[in-house]
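Each remark here refers to the structure printed beneath this line.
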Amino acid sequence: MPDTELLSLQPDHIGILQSRYEQVLEDQGYDALLISSGAAPMRYGDDQSWHFQGYGPFLHWTGLAGFECAWLLIRKGRKPILSLHQPVDFWHASLELAHEPWLEEFEVRFNETPSAPAADGAGRLAVIGDPSLLADVPGEHNPAELCAALDKTRAHKTPYEIACLAQANRLAMAGHHAARDAFLAGASEFDVNLAYQSATHQREADSPYHSIIGINEHAGTLHYQYYDTAAPKKSRSLLIDAGVRYRGYCSDITRTTAGVGEGRFAALIQGLEQLQFRLCSMVAPGVDYIDIHRKTHLGIAALLGVAGLVSDLSEEDMVAAGITRAFFPHGIGHFLGVQVHDVAGKPAPPPPDAPFLRLMRTLEPGMVVTIEPGLYFIPSLLEPLLSGPLGCHINRPLLDELQGCGGIRIEDNLVVTESGCRNLSREAES
Ligand code: GLY
Ligand code: MN
Ligand code: MN
C-alpha cells in the first residue's frame, strides 16, 4: 500500500494535468481528447499475445500500466471519464482497481466490451493511441501537432510524479544490492537476474525495460540481452542496468562491480564514479544538457590518460580525434518518466558530435534525467583505432588485459530542482 503522503499528492497531479491538457486542447482547437491505453498485439501466426504495457499518455493520467482496452475521455471543465474493460471471461482475470483517493477525480465506468466510450456531443474530438485499435473510433486520430504538444506536458514532473520516481528508485536499489551480492557469491547472469527480480518483487515483463545483466565481456555490449545460465570460470565484472516500474513510473539505474582481484578494473570504476559525481553536480536549471554530454568526453579523456590507456595526447585532442567516442559511444542520458526514454527530449536532431544523445534541452525545474557515463572495451570500435595512425597512443597490452571485463556504466536518476538537483538513486542507496 502506498504511503498516505504519496496518495495525497495524486489528486493535485490530476488537477495539474487537467489544466495542462485543457490548455493544449484550446491551443490546438479541440474540445475533447480520447486516450486509448492500448492492448497487447498477438504474435504473428500464433494464438499468444505479447506482454502488455500501457501507452504513455494513459499512464501519465492513471499510472495503470497493466490495464488493456481502457479509455480516458478528457473534456474541458468536466471530470475525466475512465472506462475500464472488464469482460466476462473464465480464461483470464480482470485487474482489480485499488480503492484510492485519486479515483474521486474521475468518473469510473466498467465496460464488458473493449470499445471506446461514446463521446457524442463533445465537439471536435481527437483520439490518441495505437492506430490498430482506433479503426472504428470516431474523431481525428493521432494528430501530429497535438501529440507533440501533449508530449511536452510530460517534461516537467509534478510532485506526485517525483514521489513515484523516488519510490521506483528505492525499489530498484534493493534489487541492485541483491544483484551485486549474488555476483560476488559467484552467480551466473541468469541467477543475478533472479536475485534482482526477487528483491524487487517484479516480474521481468513488467519492468520498464529488459534488464541488462552482463558478466565479463558481455558488460561491453551496451544493451546485452541474453542471460548465461552458467557462471564463467572467473567472474571479473558485472554490469547491471535495471529498473522498476512503480505506479507507471520507471527507474533506470546502472551499477558496475569488479570481481575479486580485479584491482585495475576496480580503479577504473572508481575513476568513472568520481566523474559521474561531477557530472551529476552539473544538473541544475539553465544548464544545457549537451554541455554535460561534452564534459563527459573530456572526463573520459582524463580518465583514459590517468589509467594509462591513452598517452601523449591532450584531453581535447583525444576528444577531437574520436578516441573518447570509441570508449564512450552513447549519450549521457535522457528524460525519465512513464517511459524509460521519456518523450519531449529532442526538439531538434542531435548534433554530429553526439548522434545518440536522447536529450537536447536546457534543464528546468521538474525535469527528471539520467546521468549515465560509460567506458567500454568494444572490439568493433577499438580495432579501427588501434590499426590506424592513432594506434601508437593506445596501450594495447593494458587494453587486452581489460577487454575481458567488458565495460563500465554508472547511471543515476536526478530531478532538477529550483537551485540544483536531487539524486534519487543515491538517496535510495544510502
Ligand atoms: N536502460 C537503458 C538506458 O540506460 O538508457
Ligand atoms: Mn538510461
Ligand atoms: Mn539504463
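We did not get these values from a lab; they are worked out from the coordinates using the rules stated. Bear in mind the structure is a predicted one, so any value in this text is a computation, not a measurement. All Cβ positions, even for glycine, are placed from backbone atoms using ideal geometry, and neighbour counts span all protein chains on display.
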* To do: Place a +1 charge on the Cβ of each Lys and Arg in the chain and a -1 charge on the Cβ of each Asp and Glu, then give the dipole magnitude about the Cα centre in debye, rounded to the nearest 20.
  => 600 debye
* Select from Ala65, Val88, Ala149 the residue farthest towards the positive end of the dipole of region 7-163; place +1 on Cβ of Lys and Arg, -1 on Cβ of Asp and Glu, and compute about the Cα centre. => Ala149
* Asked: Each label point is 7 Å from the Cα along the Cα-to-Cβ direction; what then is the distance between the points at Arg43 and Gln225, in nm?
  -> 1.4 nm
* **Calculated from backbone phi, Karplus (6.51, -1.76, 1.60) coupling profile of region 71-77 in Hz, x at Gly/Pro** => 9, 9, 10, 10, 9, 5, x
* Size of electric dipole in region 1-48: Cβ of Lys, Arg +1 and of Asp, Glu -1, about Cα centre, debye, nearest 20 -> 140 debye
* Contour minus Cα-Cα distance for Asp120 and Asn395 (0.36 nm per residue) -> 92.0 nm
* May I ask for the longest run of the chain untouched by GluC sites (Glu not before Pro) that are loop-located per DSSP and have at most 13 neighbouring C-beta atoms (other than their own) within 10 Å? => 113-417
* To do: Within the chain, what's the longest run with no trypsin sites (Lys or Arg not before Pro) in a DSSP loop and at most 16 other beta-carbon atoms within 10 Å? Give the range, please.
  => 235-430
* Enumerate the calculated ³J(HN,Hα) couplings along region 57-69 in order (Karplus 6.51 cos²θ - 1.76 cosθ + 1.60, θ = phi - 60°), each rounded to whole Hz, writing x wherever the residue is Gly or Pro. => x, 5, 5, 4, 7, 10, x, 8, 6, x, 8, 7, 6
* What FRET efficiency would be calculated for the residue pair Cys147, Ser8, taking the C-beta separation as r and a Förster radius of 25 Å, to the nearest 0.05? -> 0.20
* Asked: Taking a label point 7 Å from the Cα of Ser430 along the Cα→Cβ vector, which residues of region 136-170 have an amide N closer than 15 Å to it?
  -> 170
* Please give the net charge around Gly345, taking every other residue with its beta carbon less than 11 angstrom from that of Gly345, where Lys and Arg add +1 and Asp and Glu add -1. => +3
* Which one of Leu97, Phe183, Phe52 has its Cα pushed farthest toward the positive end of the charge dipole of the chain, where Lys and Arg give +1 and Asp and Glu give -1 at the Cβ? -> Phe183
* To do: Name the long-range amide H neighbours of Tyr209: under 5 Å, sequence gap of 5 or more, or other chain; modelled H, no Pro or chain starts.
  => Gly243
* Positive-end residue of Ala118, Ile162, Pro384, charge dipole of the chain with Cβ unit charges -> Pro384
* Asked: Extension gain Ser314-Arg109, at 0.36 nm per residue separation less the Cα-Cα distance, in nm?
  -> 67.3 nm
* To the nearest 20 debye, what is the magnitude of the charge dipole of region 283-364 about its Cα centre, counting +1 on the Cβ of each Lys and Arg and -1 on the Cβ of each Asp and Glu? -> 300 debye
* Asked: Rounded to the nearest 0.05, what FRET efficiency is calculated for Ser419 and Val306 with R0 set to 45 Å and r the Cβ-Cβ distance?
  -> 0.90
* Asked: Does a label point 7 Å from the Cα of Glu364, set along Cα-to-beta-carbon, have any residues of region 147-162 with amide nitrogen under 16 Å, and which are they?
  -> 148-159
* Do the sum for the chain: with -39,500 (n - 2.57) for every DSSP H run of n ≥ 4, divided by all residues, what is the mean residue ellipticity at 222 nm, to the nearest 500 deg cm²/dmol? -> -11000 deg cm²/dmol
* **Mean Cα-pair separation over length for the chain, i.e. relative contact order, pairs under 8 Å, 6 or more apart, %** => 15 percent
* Karplus 3J(HN,Hα) series, Hz, for region 182-192 with 6.51 cos²θ - 1.76 cosθ + 1.60 (x for Gly, Pro) -> 5, 4, 5, 8, x, 6, 7, 4, 4, 6, 4
* How far apart, in nm, are two points set 7 Å out from the Cα along the Cα-to-Cβ line at His156 and at Phe277? -> 3.3 nm
* **Exposed chymotrypsin sites (Phe, Trp or Tyr not before Pro) absent: longest stretch of the chain, with sites in DSSP loops and at most 13 other Cβ within 10 Å deemed exposed** => 92-225
